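Working notes, structure below.
The values are calculated or read from the model by the stated rules, or taken from the named source; none is laboratory data. These numbers were taken from a predicted model, which means no experiment stands behind them. Quick reminder, even Gly has a Cβ in these numbers, built from the backbone with ideal geometry, and neighbours come from all protein chains shown. Each accessible area value is taken on the protein alone, full model and side chains, heavy atoms only, with ligands, DNA and RNA left out. Shrake-Rupley method; radii C 1.70, N 1.55, O 1.52, S 1.80 Å.
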Amino acid sequence: MTIELNLYQTLAAAVAVFFLGSFLKDRVSIFREYCIPAPVIGGTIFSIVNCILYTQGIWNYSQDTVMQNWCMMLFFTSIGYMASIRLIKKGGLLVVKMAFLVFLLIVIQDLVGVTFANAFSLNPLMGLADGSIPLVGGHGTSGSFGPVLEALGLKDATTIAFAAATFGLVSGSFLGGPVGELLIRRFHLKSDEDENGDEVPENRTEHEIEGDDAAAYLNMDRFMYAFGQLLLAMGLGTYVSQFFINIGLVFPGYIGAMLVAAVIRNISDMTGLFGCYQRESEVLGGICLNVFLSCALMSLKLWQLADLAIPLIATLIVQVSIMGLFAYFVIFRVMGRNYEAAVMASGSCGFGLGATPNAIANMNAMCERFGPAHTAYFVIPLIGAFVVDFLNASVLMVLMNILK
């Protein structure tokens, strides 16, 4: 039996998969504890069922990819829109330090991946598919860079990257707590209590607080302006991407849109000539991310991983070990060797192997036991939201053009 879904049927199936993931996340505590996104839960279940039905000769499934690609483009455009220089400057030296450490981590993950790929006599691009693409980048970056790697000759790159991203997502949640707790106990670290005895404010970053204040003013016009700015960036971004292609560079098509969106955002911040709609852009980007991930995971062909199971698992175990050592020996020391630095080290395990929500979950667990860490709650989400995707895309662009 052959199942072929058109655009509308694919979107309907993607929403059903998302609803399934949300239903299970609400009822299975382990999914909530480790911050597994709803589309990842539902999409993974669908891909497993698809694998069983395909290998048993029951069906052959395919789906339309138009809206999947469009949603991916809009999501990453919204990421570019968040790259506010004004907000990054507020983070000061700590944000600069963490950005450099993230850049170093990205390079290390990719070098480890390429080294293992060569050791197993595999395509060196495999090192990117189980390197920073799925680990620092997560499922969103995996879904966007996977097809690019496949076009460069790495078979089943998207499936490999998604498998690695899921492994990293869970590993980052397991790793962060022990690393942070070990640092606190070894160096006898304590949280700085509020000297005035005031109630500790809720753990939120400045841009999140601003977004909540803006929520009171959400309306159709604001969403239309935000949507319009993102669409404008997507359209103009195609010319930027084409320029890079014309000079021989290889990278995902969304890079141009990200750059244009960042320019639009910072012109708004610096001149005030037109409005800035960060909250609305985050909502639009989040919706598209859920649809994109659901569609991408539904299309996985897990049976294609059988021949790569051993090298993939070996590489990922080493990647997780390196992340723990990097957080313990490098991030903690560079970020100040204090309690805040220990919490940041714990959070870094979350987004270094998974995603920013995992980083927040790790830090929440730390702060519930040992006390507040306000600086960590500003620096880590700021890096995760505004910096990491730009750094990762930049490094990957260079490495792909070297390894192709």
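Summary of computed values
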{"read-out": "Cβ charges +1 (Lys, Arg) and -1 (Asp, Glu), total dipole of the chain, debye", "value": "840 debye"}
{"read-out": "Pairwise FRET efficiency - Phe227 versus Ser321, Cβ, R0 = 51 Å, nearest 0.05", "value": "0.75"}
{"read-out": "Given the chain, longest segment not containing exposed loop GluC sites (Glu not before Pro) (DSSP; at most 14 other Cβ within 10 Å)", "value": "203-404"}
{"read-out": "Protection-proxy order for peptides 293-306, 58-71, each taking the mean of Cβ atoms within 10 Å per residue, highest first", "value": "293-306, 58-71"}
{"read-out": "For region 56-71, 3J(HN,Hα) per residue [Karplus equation, 6.51 cos²θ - 1.76 cosθ + 1.60, θ = phi - 60°, Hz, x = Gly/Pro]", "value": "8, x, 7, 8, 10, 9, 8, 9, 6, 10, 4, 5, 4, 5, 5, 5"}
{"read-out": "Solvent-accessible area per residue, Å², over the chain with all protein chains present [probe radius 1.4 Å]", "value": "44 Å²"}
{"read-out": "Extension gain, Ala16 back to Gln304 (0.36 nm per residue minus Cα-Cα distance, nm)", "value": "101.2 nm"}
{"read-out": "Computed label-point distance, nm, for sites Val330 and Thr238 using a 7 Å Cα→Cβ extension", "value": "4.0 nm"}
{"read-out": "Heavy-atom accessible surface of the chain: percent carbon and sulfur, 1.4 Å", "value": "65 percent"}
{"read-out": "Contour minus Cα-Cα distance for Arg337 and Ser62 (0.36 nm per residue)", "value": "93.8 nm"}
{"read-out": "Under 5 Å, built H, 5+ apart or other chain: amide partners of Tyr61", "value": "Ile3"}
{"read-out": "Computed [θ] at 222 nm, deg cm²/dmol, the chain (DSSP H ≥ 4; -39,500 (n - 2.57); rounded to nearest 500)", "value": "-24000 deg cm²/dmol"}
{"read-out": "Förster radius 30 Å - calculated FRET efficiency between Ile267 and Asn401 (Cβ-Cβ, nearest 0.05)", "value": "0.50"}
{"read-out": "Which labelled figure in (1) 23.3; (2) 24.4; (3) 21.7 is Kirkwood radius over Cα pairs in Å, once derived from the coordinates", "value": "(3)"}
{"read-out": "Flagged links, alpha-carbon separation over 32 Å, of Lys90/Lys155; Lys301/Lys404; Lys89/Lys190; Lys97/Lys190; Lys90/Lys190", "value": "Lys90/Lys155"}
{"read-out": "Length-normalised contact order of the chain in % [C-alpha pairs under 8 Å, at least 6 apart]", "value": "30 percent"}
{"read-out": "Per-residue HN-Hα couplings for region 318-323 [Karplus 6.51, -1.76, 1.60; θ = phi - 60°; Hz; x = Gly/Pro]", "value": "5, 4, 5, 4, 5, 4"}
{"read-out": "Karplus 3J(HN,Hα) series, Hz, for region 374-383 with 6.51 cos²θ - 1.76 cosθ + 1.60 (x for Gly, Pro)", "value": "5, 5, 4, 6, 8, 5, 5, x, 5, 5"}
